[in-house]
Amino acid sequence: MHGSSPVTRLFRLSALAVAAGWLLPAAALAVQEHGAPEGLYTHQGAHLFFVASMGLLIYWLRQRLLVREAGWRYIQYAALFFILWNIDAFTAHLLDEQLDVVDIQPVGEWMVRIDAGDFPPAMAMLYYAAKLDHLLCVPAMLFLYFGLRRLLKDAGERHSEASPP
């Protein structure tokens, strides 16, 4: 490390800190919980606004026939998965923090018991499924990445065709 530059040392230290966070996590919460009701109401409103925004994006992509191009089609899929993710996260927050429908109790080091109280057992299953929101968010981000990458590639090809060498 003596001969390395300060930037290289900073990069190595940052990589070590990230690796330590991955190897020694304190908690891994898929859906973030919120405190006082004002923050939760604002957050829930943001989920609804995001759903409406992605719905509008899909509408305009289809209206302008942009989905004929692969890049925009991937972005449309991303918007659809973002809609599903926001509905899922909204539901998890609603059940967990607003309606207080479920009670989570640790059973062991790696297990919890989800108790829906007087509600049907399907409510516990709905809550469990809603907590798996990453199964919708990750594909949304991947489709967005692939769509943007494809649009950039297509734009580069159009630029190279337009300007002779």
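In table form, for the structure just shown:
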{"item": "Of all residues in the range 43-57 being in contact (Cβ under 8 Å) with a residue 40 or more places away in the chain and surrounded by 15 or more Cβ atoms within 10 Å (Cβ to Cβ), the one that is nearest to residue 151 (Cα to Cα)", "result": "47"}
{"item": "Those residues of the range 98-121 which are over 23 Å from residue 42 (Cα atoms), in contact with a strand residue (DSSP E or B) (Cβ under 7 Å, 6 or more places away or on another chain) and not basic (Lys, Arg), in sequence order", "result": "103, 104, 105, 106, 107, 112, 114, 115, 117"}
{"item": "Test for residue 134: is it touching a residue at least 24 places away in the same chain (Cβ under 8 Å), surrounded by fewer than 17 Cβ atoms within 10 Å (Cβ to Cβ), closer than 21 Å to residue 40 by Cβ and not acidic (Asp, Glu)", "result": "yes"}
{"item": "Verdict on residue 119 being surrounded by 13 or more Cβ atoms within 10 Å (Cβ to Cβ), in contact (Cβ under 8 Å) with a residue 24 or more places away in the chain and of a type outside the set (Lys, Arg)", "result": "no"}
{"item": "Residue 124 buried (at least 18 other Cβ atoms within 10 Å of the Cβ), small (Gly, Ala, Ser) and in contact with a strand residue (DSSP E or B) (Cβ under 9 Å, 6 or more places away or on another chain)", "result": "yes"}
{"item": "From the options 30, 26, 36, residue that is at pLDDT below 80, under 21 Å from the mean Cα position of the chain (by Cα), farther than 26 Å from residue 140 by Cα and surrounded by fewer than 16 Cβ atoms within 10 Å (Cβ to Cβ)", "result": "26"}
{"item": "Hey, residue 146 within 30 Å of residue 70 (Cβ to Cβ), surrounded by 11 or more Cβ atoms within 10 Å (Cβ to Cβ) and not basic (Lys, Arg) or not", "result": "yes"}
{"item": "Leading residue by the ranking (surrounded by the most Cβ atoms within 10 Å (Cβ to Cβ)) among those in the range 58-104 that are part of a helix (DSSP H, G or I), among the charged types (D, E, K, R) and modelled with pLDDT of 95 or more", "result": "88"}
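The values are calculated or read from the model by the stated rules, or taken from the named source; none is laboratory data. Source: prediction; values computed, not measured. Note that we place each Cβ from the backbone using ideal geometry, even for glycine, and neighbour counts take in every protein chain shown.
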